[in-house]
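Here's the structure, in structure tokens; my notes come after.
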Amino acid sequence: MAGGLLLAGLAFELNNALFLKMYPVLVNGSLLVIFASSLRNPPTIAERIARLRTPNLPQSAVAYTRRVTQAWCVFFLGNGLIALWTVLRWSDRAWFIYNGVIAYVLVGVFFAGEWLVRQRVLPGYHG
């Protein structure tokens, strides 16, 4: 939240919307740092979420949640780089279409895809 306020303050003070357009980059970068740090200091974010529903997670699910957290890191890195590219090189309209529509569709597809993979990788586990 502080980063968003800083960007808004800079945009207002310098009268430059570029700083506001950097918000998706900030969000993706922040999520990347959070997810990546959980890989270094387990349990991973995905494991923590899974344990809310299934406290006694089987070891196969723990290993799977680690891979899911790694996949989210790749996603946030890629999405953040694309968001940065839209800020620096694309029109305002294209920036809006990607960051306001396409990026959210990609997150939804990623969630749905992960759920489908989980059904095949962890049969019998419904966490």
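Brief remarks follow.
- If you go through segment 52-110 and keep only what is aromatic (Phe, Trp, Tyr) and assigned to a helix (DSSP H, G or I), you end up with TYR64, TRP72, PHE75, PHE76, TRP85, TRP95, PHE96, TYR98, TYR104, PHE110.
- Considering segment 76-127, the residues that are among the charged types (D, E, K, R) and surrounded by 10 or more Cβ atoms within 10 Å (Cβ to Cβ) include one that is farthest from MET22 (Cα to Cα), namely ARG118.
- Residue among ARG67, ARG89 that alone is under 29 Å from LEU122 (Cα atoms) and not aromatic (Phe, Trp, Tyr): ARG67
- Candidate set: segment 1-51, residues that are assigned to a helix (DSSP H, G or I), among the polar types (S, T, N, Q) and touching a residue at least 12 places away in the same chain (Cβ under 8 Å); chosen: the one nearest to ALA103 (Cα to Cα): ASN28
- Some residue of segment 57-73 being surrounded by 13 or more Cβ atoms within 10 Å (Cβ to Cβ), closer than 22 Å to ASN16 by Cβ and in contact (Cβ under 8 Å) with a residue 24 or more places away in the chain: no
- Any hit, segment 80-88, residues being under 14 Å from the mean Cα position of the chain (by Cα), under 23 Å from VAL101 (Cα atoms) and of a type in the set (Val, Ile, Thr): yes
No lab work stands behind these numbers, since they all come straight from the coordinates. Source: prediction; values computed, not measured. Note: ideal-geometry Cβ built from the backbone for every residue, glycine included; neighbour counts use all protein chains shown.
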